[in-house]
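Trainee: Let me begin by handing over the structure; questions about it come next.
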Amino acid sequence: QVQLEESGGGLVQAGGSLRLSCAASGRTFSAYHMGWFRQAPGKERDFVAVWSRTGGNIAYADSVKGRFTISRDNAKNTVYLQMNSLKPEDTAVYYCAATTVWGQMKDRRAYDFWGQGTQVTVSS
């Protein structure tokens, strides 16, 4: 098992930047594919980005391509989401997620472990 804890959310003006972090417990972090999802009020939890355990597969939602960058540091058991050029529509609770099985990685059902989420609010 792995436990995940997000941090780095906050309030930012449109056009600004934030970096989210997701710290994982346990000694097998490198065995997990790591994803980021977000959920706005009244909406489904949507895929944002994924980084495979080897780094050979990285994918983004179309809505964040060119603005967000996912990365990971296995030595620190941490995955990051750098968010630039933020828009009000990026406002959501952001969650990191983990799984050992590569599959439909844009589907939240593919992930076994979730953090508690961190709020990102972008003002216009």
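The values are calculated or read from the model by the stated rules, or taken from the named source; none is laboratory data. Keep in mind the model is a prediction, meaning the values are calculated, not measured. Reconstructed Cβ throughout: ideal geometry from the backbone, glycine too, with neighbour counts over all protein chains shown. All accessible areas refer to the heavy atoms of the entire protein, side chains included, with ligands and DNA or RNA removed. Shrake-Rupley method; radii C 1.70, N 1.55, O 1.52, S 1.80 Å.
Trainee: In the stretch 1-54, which residues are acidic (Asp, Glu), under 24 Å from residue 75 (Cβ atoms) and open to solvent by 60 Å² or more (accessible area, probe 1.4 Å)?
Mentor: Listed by number, the list holds a single entry, 5.
Trainee: Now, a different point. Can residue 27 be described as at pLDDT 95 or above and among the basic types (Lys, Arg)?
Mentor: no
Trainee: Being small (Gly, Ala, Ser), farther than 13 Å from residue 38 by Cα and at pLDDT 95 or above is the requirement here; does residue 59 meet it? Quick ask: steps written out before the conclusion?
Mentor: On the way: small (Gly, Ala, Ser): yes; farther than 13 Å from residue 38 by Cα: yes; at pLDDT 95 or above: yes.
When the stated conditions are applied, residue 59 passes them.
Trainee: Do the conditions hold for residue 98, that is, is it in contact with an Asp or Glu (Cβ under 6 Å, 6 or more places away or on another chain) and more than 22 Å from residue 123 (Cβ to Cβ)?
Mentor: No: the conditions fail for residue 98.
Trainee: Provide a single number: the residues in the stretch 33-62 that are free of Cβ contacts under 8 Å to residues at least 24 places away in the same chain and polar (S, T, N, Q).
Mentor: Total satisfying the criteria: 1.
Trainee: Can you find, within the stretch 115-124, the residue that is nearest to residue 14 (Cα to Cα) among those that are assigned to a loop (DSSP other than H, G, I, E, B) and open to solvent by less than 50 Å² (accessible area, probe 1.4 Å)?
Mentor: Only one residue fits best here, namely 117.
Trainee: Is it the case that residue 77 is touching a residue at least 40 places away in the same chain (Cβ under 8 Å) and under 22 Å from residue 14 (Cα atoms)?
Mentor: no
Trainee: Of all residues in the stretch 62-114, how many are open to solvent by less than 50 Å² (accessible area, probe 1.4 Å), among the charged types (D, E, K, R) and closer than 12 Å to residue 18 by Cα?
Mentor: Residues that pass the stated criteria total 2.
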